[in-house]
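Reading through the structure tokens given below for one structure.
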Amino acid sequence: MTLEKGGRRLELYHGMGETDDHTWTWIAEDKTVVTGDFVIWAAPNAGNPQKVQRFARPWAEALRAMAAKKPEVLVPGHGPAVFGAERVATLLDDTATFLETIHDQTLEAMNEGLKLADIVDKGFETLLSPTGD
């Protein structure tokens, strides 16, 4: 959806992240992306047994779509704004990669037939491994 407000053109994009109804906004004139809760200045909670369904892969896809716009300013849903194309690109890429890794490793473990507790244990082992293997 595109809105014209205050002499500005706002492009609104749907995405799925913590919930299935997220929106992010692109303001081309200012090279600014307003991410809403796609960026929260914490590791994205891509899901746990105490929460509703999360959408790790589509969340990463939304971050990659934002990065493709080549923003120079990022205004997150929580926390300070980020200035500078390189810093914004790094934040979006690192967060997308984090989500893709969680998604891919969890799916791989599920396809191996592992139970939830075993998948969680395997994830912690990977995080704690000095080599990251």
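The values are calculated or read from the model by the stated rules, or taken from the named source; none is laboratory data. On a predicted model such as this, the values are computed, not experimentally measured, just so you know. Virtual Cβ from ideal backbone geometry, glycine too; neighbours counted across all protein chains shown. Note: accessible area is taken over every heavy atom of the protein model, side chains too, but ligands, DNA and RNA are not part of it. Shrake-Rupley method; radii C 1.70, N 1.55, O 1.52, S 1.80 Å.
The table for this structure:
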item	result
Test: residue in segment 81-90 that is hydroxyl-bearing (Ser, Thr, Tyr) and either in contact with a helix residue (DSSP H, G or I) (Cβ under 8 Å, 6 or more places away or on another chain) or open to solvent by less than 20 Å² (accessible area, probe 1.4 Å) (or both)	no
Looking only at segment 1-29, and only at residues there that are surrounded by 12 or more Cβ atoms within 10 Å (Cβ to Cβ) and over 16 Å from the mean Cα position of the chain (by Cα), the one that is nearest to residue 46 (Cα to Cα)	12
Check on residue 96, touching an Asp or Glu at 6+ places or on another chain (Cβ under 6 Å) and open to solvent by less than 40 Å² (accessible area, probe 1.4 Å)	no
The one condition in (1) open to solvent by less than 60 Å² (accessible area, probe 1.4 Å); (2) assigned to a helix (DSSP H, G or I) that residue 104 fails to fulfil	(1)
Positions within segment 1-30 being of a type in the set (Lys, Arg) and in contact with a helix residue (DSSP H, G or I) (Cβ under 8 Å, 6 or more places away or on another chain), in sequence order	8, 9
Hits in segment 31-58 (condition: more than 19 Å from residue 107 (Cβ to Cβ), outside any loop (DSSP other than H, G, I, E, B) and either open to solvent by 90 Å² or more (accessible area, probe 1.4 Å) or at pLDDT below 95 (or both))	36
Check on residue 87, at pLDDT 95 or above and not in a loop (DSSP other than H, G, I, E, B)	yes
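Here's the yes/no breakdown for (1) touching a His at 6+ places or on another chain (Cβ under 8 Å); (2) within 26 Å of residue 120 (Cα to Cα):
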{"position": "2", "(1), (2)": "no, no"}
{"position": "20", "(1), (2)": "no, yes"}
{"position": "23", "(1), (2)": "yes, no"}
{"position": "55", "(1), (2)": "no, yes"}
{"position": "65", "(1), (2)": "no, no"}
{"position": "79", "(1), (2)": "no, no"}
{"position": "96", "(1), (2)": "no, yes"}
